[in-house]
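Participant: The structure under discussion is supplied below as structure tokens; questions concerning it will follow.
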Amino acid sequence: MTAVLNGNSDLARRRRIGITRLVRHSQFALLAILVLAFVLASLLVPYFLTWGNLSNLLQRNSIIGIVSCGMLLMIILGGFDLSVGAVGAMSSVAAAALVAGVSIPLGIVAALALGLAVGLLNGFCIAKVGITPFVATLGVEVLVTGLLFIATSAEPIYGVPESFTTIGLGKIAFLPIPTLIFAAIALATWALLRFTTFGHYVFMVGGNKDAARLAGVNVDRVTLVTYGLGGLYAGLAGVVLLGTTGIGQPASATDWPLSAIAAVVVGGVPLSGGVGSVGRVVLGTFLLGIIANILNLTGISPYWQPAITGVVILVAVGVDSYQRKRAGRD
Amino acid sequence: MTEVGSSTDLRRENHLLELRNIHKSFSSVEVLKGVDFDLRQGEIHALIGHNGAGKSTLIKVVSGLYPDYSGSIAINSKSVDLRTPHAAADNQIAVIYQDFALVPEFTVAENIALGREPGRLGGFLLPHGDLRRRSEREIAEFELDVPLDTPVRHLGVAGKQMTEIAKALARRARVLIMDEPTARLAPHERTRLFEIMRRLAASGVGIIYVSHFLDEIKEVTDRVTVLRDGAVVASAATESMDIEDMARLLTGDEKTMVSAARPVADKCQERSIGKAILELIDFSVHGRPPANLALAPGEIVGVAGLVGSGRTSLARAILGDIAASGTLRIDGEAIGKITPGRAARYGIAMVPEDRKLTGLALQASIASNMELTALGTYLGYWGLVRRDLACHVIEDAIDRFRILPKDPGRPVGHLSGGNAQKVLMARAALAKPKVLLLDQPTAGVDIGAKSETHRQIRALAETGTAVLLISDDLDELLSLSDRIAVMTEGALGAVVDTTNFNRSTLLAAISQNVEKCRARAD
């Protein structure tokens, strides 16, 4: 009997190794594509491999990277957030008004608090009211954008002191400060998912909500906190955005939700929830970033950029999904 | 093990779980009518009963899912209130359902600790090493041999089940309720499960074992309680009963013909293949044993078997919804690769098992649900709907199938189960099929709708439709079918004239494991 069972677990082990290898493989594949794109761009695209350009590449993608880390949490939970753009714009405008009028610390704290509050509102609508993430976050996005336009009469807010742009444009050595903030957020998110009970519960709720509830996990609270964090990250990204422009622009950041979801998905994290890692999100963010950068440098019309991003998303996700579909059929 | 006839004092002393006079009703229908049940320490106690006899309701009462039961429940002679799942868990009751409550991406160790993760810094940090070590320690004494570091997603059914058992034991469960635990297990996994069940019982755990497999009950349990129509009809030591006794108690059939219970395989008498409308030749689904079957026009062939025996898969494979190998012939013409679309054009229609999930578009009207299949044929004209004809046909069908309310525009989701089922039947009939596959056509409908459905099935057969009838309802199979085949673990047995069966022999035939059948045939 034991022999039979050992045979079984051998089989399971073999399957496990096979699947693990595949998963690792796909992560390596992503890294390989990123490296290949980098090398090709270095050889073929003029000015790509310069300190100026690389620093620019890092700086430009760090904001969406921060948003993507929050998006990752919500996607692992089995949802996503369409309101991160509105939250970013709102935080950036609120920070601009307070930094210009009162003080820098108050501006930053208020922007973060606003982001957290809107995130919690998303979580409340989803967990307590029972609205699907798509509709809840879409509704909140439209609501926040509307309120923002009422409050500002759609006028940008000026008067942010020059010193504040250190947050967006400053560098330590050759590393842009936004990139350092992104690195800190990525590291913190990784640690949150890896070492904390809360991170464990995010995976658990995303993997099997019913099992989590039956095991006594407070699914509503986990949902609430996760969306709260997503909003907080978006608020932080809004502050960094203000640091790069110096102007509180109500109509900014509209592309954030889809860009962040794209970065997560291109990194190979399925929208079905229960799985995902920060490493994949970093890879996905920079893969899309390098492609955009190459298009900029080669002088190809900027209109091509979304089209090519679309192709990258469909190919990256399509290969994965098609394999899954085939595996499911057999 | 305590004997049945021991003194009341002794029995009380050993009672782990004691249910007295349990009642439970759904709206006005009383499902449990004063059930008494007790489970002793170290006992494996079978709970058997037909679909609808009340056993899953009883289990749900014990697991705290029905707060509105009446009656008294005692654990270790201490009265308890099991009104929530938490109350059940606190009283060391664990239920292992057929669809497991596991997180697929988590390892076995993480699933064992689900919801009870060890924490540091007031539960903020999760030490994965501690978690794994604790899970290992908690289940060490039970020698379950589960791969602690493997994600559950990579385990088979047996591994997932073992993980659930480990999860229950790690919470120090003393009452383990297992709902059809062997339904999807391979024979050697089943043997292994029984070993573990016996070992757990020896260590003092009480196990309530729900199963349709009477021979397994004979093999592994100490006591049997039989439920029929919401009441206990018998409770006795397993060794005092044989399988035919149990079958008789289940069905309430007094005049059981034990001597007539000949092995199914002896009674093969295939009809002439020539006039068959549907033929399956070495038709194999998912590498299961090949099935051979011939259906003549106007014939009703019943397929009996347990849940999970592969009946639905067979029907879906005939419809082309899941892949199969072998030959499928319609009217003598071999069809290559079959898809649901091709099947419809060849005149194969199916009424699926789950009305709400796979059968009907619930938001859509009676009319649009009904015309769905026929639109592809005579109700459609170059992609346009022949609305005048459709209206006429639909109103006619509503009358003919006695669908209430007689309102073609009413969304199907607002109908009762019986009327929704009639809509499905009407849809199949409107497609004028040559072959009709029925999967549990009367599950969960009231008696009126049931006899109505039976009348329609007969009427369809009289017009020349060949019917394959999958059902758990023995009376339905016996009264409608011309011939019956028993399916066990994916293998379709020989098709036999219905006259060779009565309720008890049919039940006995479907409740045997395939090895037993083979052993008997040898």
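The values are calculated or read from the model by the stated rules, or taken from the named source; none is laboratory data. As the structure is a prediction and not an experimental result, all values here were calculated from the model. Cβ sites come from the backbone with ideal geometry, for glycine too, and all protein chains shown count toward neighbours. Just so you know, the surface numbers come from the protein's heavy atoms only, side chains and all, with ligands and any DNA or RNA stripped out. Shrake-Rupley method; radii C 1.70, N 1.55, O 1.52, S 1.80 Å.
Participant: Report, to the nearest 10°, how far helix A:133-152 tilts away from the longest principal axis of the Cα atoms in chain A, using its own Cα long axis and a range of 0 to 90°.
Facilitator: 10 degrees
Participant: Shifting gears a bit: Per residue of the stretch B:216-224, what does 6.51 cos²θ - 1.76 cosθ + 1.60 with θ = phi - 60° give for ³J(HN,Hα)? Whole Hz please, x for Gly and Pro, Karplus curve as stated.
Facilitator: Listing the rounded values in order: 5, 4, 4, 6, 10, 9, 9, 9, 10 Hz.
Participant: On the full set of protein chains, 1.4 Å probe, figure out the accessible area of A:Ile294 and give it in Å² to the nearest 10.
Facilitator: 40 Å²
Participant: Next up: Picking from A:Tyr227, A:Tyr303, A:Tyr158, which is most flexible by a Gaussian network model of chain A using Cα springs under 10 Å?
Facilitator: A:Tyr303
Participant: Let me ask something else. When the accessible area of the stretch A:17-329 is split by element with a 1.4 Å probe, what percent falls to carbon and sulfur?
Facilitator: 71 percent
Participant: Over the protein assembly as shown, one equal point on each Cα, no solvent: what is log10 I(q)/I(0) by the Debye formula at q = 0.10 Å⁻¹?
Facilitator: Evaluating at q = 0.10 Å⁻¹ gives log10 I(q)/I(0) of -1.22.
Participant: Could you put B:Phe100, A:Phe134, A:Phe38 in order of accessible surface area, largest first, with the 1.4 Å probe and the full protein assembly present?
Facilitator: Putting B:Phe100, A:Phe134, A:Phe38 in descending order of accessible area: A:Phe134, A:Phe38, B:Phe100.
Participant: For chain A, what does the helix formula give at 222 nm: sum of -39500 (n - 2.57) over DSSP H segments with n ≥ 4, over the residue count, nearest 500 deg cm²/dmol?
Facilitator: About -26000 deg cm²/dmol.
Participant: Distance from the Cα centre of the stretch B:452-492 to that of the stretch B:327-375, in angstrom?
Facilitator: 18 Å
Participant: Roughly how many debye, to the nearest 20, is the charge dipole of the protein assembly as shown about its Cα centre, given +1 on each Lys and Arg Cβ, -1 on each Asp and Glu Cβ, and no other charges?
Facilitator: 1340 debye
Participant: What angle do you read, to the nearest 10 degrees and between 0 and 90, between the alpha-carbon axis of helix A:51-76 and the longest principal axis of chain A?
Facilitator: For A:51-76 against chain A, the angle is about 60 degrees.
Participant: Now, a different point. Just the accessible area per residue of the protein assembly as shown, please: how many Å² with a 1.4 Å probe?
Facilitator: For the protein assembly as shown, the solvent-accessible area averages 44 Å² per residue.
Participant: Can you give the FRET efficiency to the nearest 0.05 for A:Leu54 and A:Asp255, using r as the Cβ-Cβ distance and R₀ = 22 Å?
Facilitator: E(calc), rounded to 0.05, equals 0.45.
Participant: A further question on this structure: Sorted by accessible area with a 1.4 angstrom probe, largest first, how do B:His188, B:His414 fall?
Facilitator: Reading off the accessible areas and sorting them downward yields B:His414, B:His188.
Participant: Work out the mean other chain Cβ neighbour count within 10 Å for the residues of A:272-280 and drop it here as an integer.
Facilitator: Per-residue shielding by partner chains comes out at 1.
Participant: Compute the separation of the alpha-carbon centres of the stretch A:99-165 and the stretch B:192-233 and state it in Å as a whole number.
Facilitator: 60 Å
Participant: Straight-line reach from A:Lys209: which lysines have a Cα under 29 Å away, not including same-chain ones fewer than 8 places off?
Facilitator: Excluding near neighbours in sequence, the set is A:Lys128, A:Lys325, B:Lys24, B:Lys55, B:Lys60, B:Lys160, B:Lys167, B:Lys356.
Participant: Whole Å is fine, so just give me how far the alpha carbon centre of the stretch A:205-243 lies from that of the stretch B:86-154.
Facilitator: The stretch A:205-243 and the stretch B:86-154 have Cα centres separated by 23 Å.
Participant: Moving to a separate point now. With a cut-off of 8 Å between alpha carbons and a minimum separation of six or more residues, what is the relative contact order of the stretch A:17-329 in percent?
Facilitator: 33 percent
Participant: Also, I was wondering about something else. What accessible surface, in Å², does a 1.4 Å probe find on B:Asp245, ignoring ligands, DNA and RNA and rounding to the nearest 10?
Facilitator: Looks like 40 Å² after rounding.
Participant: Against the longest alpha carbon principal axis of chain A, how many degrees, from 0 to 90 and to the nearest 10, is the axis of helix A:219-245 turned?
Facilitator: Helix A:219-245 sits roughly 40 degrees off the main axis of chain A.
Participant: Give the ranking of B:Cys391, A:Cys69 by solvent-accessible surface, highest area first, calculated with a 1.4 Å probe.
Facilitator: B:Cys391, A:Cys69
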